[in-house]
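Read the structure below first, then the notes.
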Amino acid sequence: MAKATKRVRRKAAPAAAASDGPDPRFVPVAAAFARTPGFSLMESKSQATRGMMLNGKSFGMSTGGRFVLKLDETRVAALVADGVGKPFAPSPGRVMKGWIEVTSPKADWVTLAREAHRLAAGSARSAR
């Protein structure tokens, strides 16, 4: 009689998510601020989420292929009207005022990040 063999099922290694690692579109953004006084870059362990900070206050991030910036509400409305992005909602039904998720593939991330940085720098000065 033939001996029955036990089949061992092995789970396939999980495929790397598309959002693992830094978004290559964010690299020039981080480089643009690398030597800016007060700028810091916060990263998740996988580097999939990168937050831009100015003197400890967030003004933007890249996460899961999304680029999100803090601007004033009027500017966000103008960018949304121009088709550059949409209001940022970290969860369904929860829209954060003054934050935009850049959705246009033609948008210049560095230029928009500089705008958000200027706003953050102005807010820091007026808070003093």
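Condition (residue is crowded, with 18+ Cβ neighbours inside 10 Å, part of a loop (DSSP other than H, G, I, E, B) and at pLDDT 95 or above) applied to the range 20-36: is it met by at least one residue?
No.
What is the number of the single condition among (1) among the β-branched types (Val, Ile, Thr); (2) under 15 Å from Glu115 (Cβ atoms); (3) without any contact (Cβ under 8 Å) to a residue 40 or more places away in the chain that Thr36 does not meet?
Tallying (1) among the β-branched types (Val, Ile, Thr); (2) under 15 Å from Glu115 (Cβ atoms); (3) without any contact (Cβ under 8 Å) to a residue 40 or more places away in the chain, Thr36 fails exactly one: (3).
If you take the residues of the range 25-60 that are hydroxyl-bearing (Ser, Thr, Tyr) and more than 20 Å from Pro105 (Cα to Cα), which of them is farthest from the chain's Cα centre (by Cα)? Give the steps one after another, and end with the answer.
Taking the range 25-60 first, the residues hydroxyl-bearing (Ser, Thr, Tyr) are 36, 40, 44, 46, 49, 58.
Remaining after also requiring more than 20 Å from Pro105 (Cα to Cα): 36, 40, 44, 46, 58.
Numbers: Thr36: 19, Ser40: 14, Ser44: 11, Ser46: 13, Ser58: 11 Å.
That would be Thr36.
For the range 97-128, enumerate the residues that are in a helix (DSSP H, G or I) and hydroxyl-bearing (Ser, Thr, Tyr).
Residues satisfying the conditions are Thr111, Ser123, Ser126.
Residues in the range 79-98 that are among the β-branched types (Val, Ile, Thr) and in contact with a helix residue (DSSP H, G or I) (Cβ under 7 Å, 6 or more places away or on another chain): how many? Don't jump to the end; show me each part of the working.
Step one: of the range 79-98, the residues among the β-branched types (Val, Ile, Thr) are 80, 84, 95.
The next check asks that each one be in contact with a helix residue (DSSP H, G or I) (Cβ under 7 Å, 6 or more places away or on another chain); those that pass are none.
The qualifying residues number 0.
Please tell me if Lys70 is among the basic types (Lys, Arg) and modelled with pLDDT under 85. Break it down into steps so the answer makes sense when it comes.
Numbers: among the basic types (Lys, Arg): yes; modelled with pLDDT under 85: no.
It is false that Lys70 is among the basic types (Lys, Arg) and modelled with pLDDT under 85.
When both residues are 6+ apart or on different chains and their Cβ atoms are under 6 Å apart, which pairs have a first residue that lies in the range 49-69 and is under 19 Å from Pro37 (Cα atoms), and a second that is among the hydroxyl-bearing types (Ser, Thr, Tyr) and part of a strand (DSSP E or B)?
What qualifies is Arg50/Ser62; Gly51/Ser58; Met53/Ser40.
Scan the range 73-97 residue by residue and report those that are surrounded by fewer than 16 Cβ atoms within 10 Å (Cβ to Cβ), of a type outside the set (A, V, I, L, M, F, W, C) and under 17 Å from Met52 (Cβ atoms). Before the answer, list the steps.
The first filter runs over the range 73-97 and keeps only residues surrounded by fewer than 16 Cβ atoms within 10 Å (Cβ to Cβ), leaving 73-74, 77-78, 80-83, 86, 89-97.
From what's left, of a type outside the set (A, V, I, L, M, F, W, C): 73-74, 82-83, 86, 90-94, 97.
Pro90, the sole residue that qualifies.
Checking the condition crowded, with 16+ Cβ neighbours inside 10 Å, closer than 19 Å to Phe33 by Cα and at pLDDT 95 or above, which residue from Ala120, Ala113 passes? Can you show your working first?
Numbers: Ala120 fails: at pLDDT 95 or above.
Just a single option satisfies the conditions, and that option is Ala113.
The values are calculated or read from the model by the stated rules, or taken from the named source; none is laboratory data. What you see is a predicted model, and the numbers here were worked out from it, not measured in a lab. In this analysis, Cβ positions are derived from the backbone assuming ideal geometry, glycine residues included, and neighbour counts consider all displayed protein chains.
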